[in-house]
Amino acid sequence: MTGPVREITPDVDVGTVLSGAQFIDAFRVELGPRQLSAREACTRMMLHGPRWIDALTRLRNILVKPFGLKTSGEGAPAPHGMIGLFPVLSETPERLIAGFDDYHLDFRVVVDVAGDTADRRVTLTTLVRTNNLLGRAYLALIIPFHKLVTRSMMGDIAEPVR
């Protein structure tokens with residue numbers, strides 16, 4: 001059984017992950033004794049989340065296509081492969097960093113798994129650096145959806161895959 005998803009104070013080295021980031025937030029869920037690697041946690045969130053998130057993503061892709069914005073990180077450097085739409089930039093069993101740079105903004109997601117075998121927790125941190133007025137407008141528009149999506153993706157992270 002998992003605990004509730006809580007918004008927490010971000011605890012990542014912004015200068016290392018995405019220097020100059022103007023937006024950062026973090027959410028955490030307690031797993032109890034459930035064992036997951038950072039890749040497993042990220043995969044469950046990105047590929048096995050609620051279906052309504054997939055519908056929102058498809059809508060977003062339709063809406064941003066006329067502006068020339070990327071609809072995935074395909075083609076971006078992915079030293080550790082891809083998880084869904086996101087190139088994996090670095091990875092250890094405890095931490096995975098994914099994301100890519102686009103014309104309007106650059107973003108990273110950091111998935112951290114920590115704690116001992118009886119008290120594991122997953123933290124998802126999002127960092128965004130805007131590159132222009134379009135990026136700032138996009139970020140302002142998307143923040144309420146981002147928080148809802150993040151909470152939903154993490155809500156059942158330790159539950160069996162559907």
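Annotations
- Taken over the stretch 84-119, the criterion of being out of contact with any His (no Cβ under 9 Å at 6 or more places or on another chain), free of Cβ contacts under 8 Å to residues at least 60 places away in the same chain and within 29 Å of Leu133 (Cα to Cα) is satisfied by Gly84, Leu85, Phe86, Phe100, Asp101, Asp102, Tyr103, His104, Leu105.
- Selection count, the stretch 28-37, where residues are open to solvent by 30 Å² or more (accessible area, probe 1.4 Å) and at pLDDT 90 or above: 3
- Which numbered condition Asp25 misses (of (1) modelled with pLDDT under 95; (2) in a strand (DSSP E or B); (3) charged (D, E, K, R)): (1)
- Residues of the stretch 5-22 classified as touching a residue at least 40 places away in the same chain (Cβ under 8 Å), on the phi < 0 side of the Ramachandran plot and either open to solvent by less than 30 Å² (accessible area, probe 1.4 Å) or in a loop (DSSP other than H, G, I, E, B) (or both), total: 9
- Count of the stretch 135-162 residues, restricted to those that are among the hydrophobic types (A, V, I, L, M, F, W, C), at pLDDT below 90 and assigned to a helix (DSSP H, G or I), is 8.
- All positions within the stretch 97-127 that are open to solvent by 10 Å² or more (accessible area, probe 1.4 Å), among the β-branched types (Val, Ile, Thr) and either over 16 Å from Met45 (Cβ atoms) or over 11 Å from the mean Cα position of the chain (by Cα) (or both): Thr117
The values are calculated or read from the model by the stated rules, or taken from the named source; none is laboratory data. Please read these numbers as outputs of a predicted model, since none were measured by experiment. Ideal geometry is used to build each Cβ from the backbone, glycine not excepted, and the neighbour counts take in all protein chains shown. The accessibility values were calculated without ligands, DNA or RNA, using every heavy atom of the protein model including side chains. Shrake-Rupley method; radii C 1.70, N 1.55, O 1.52, S 1.80 Å.
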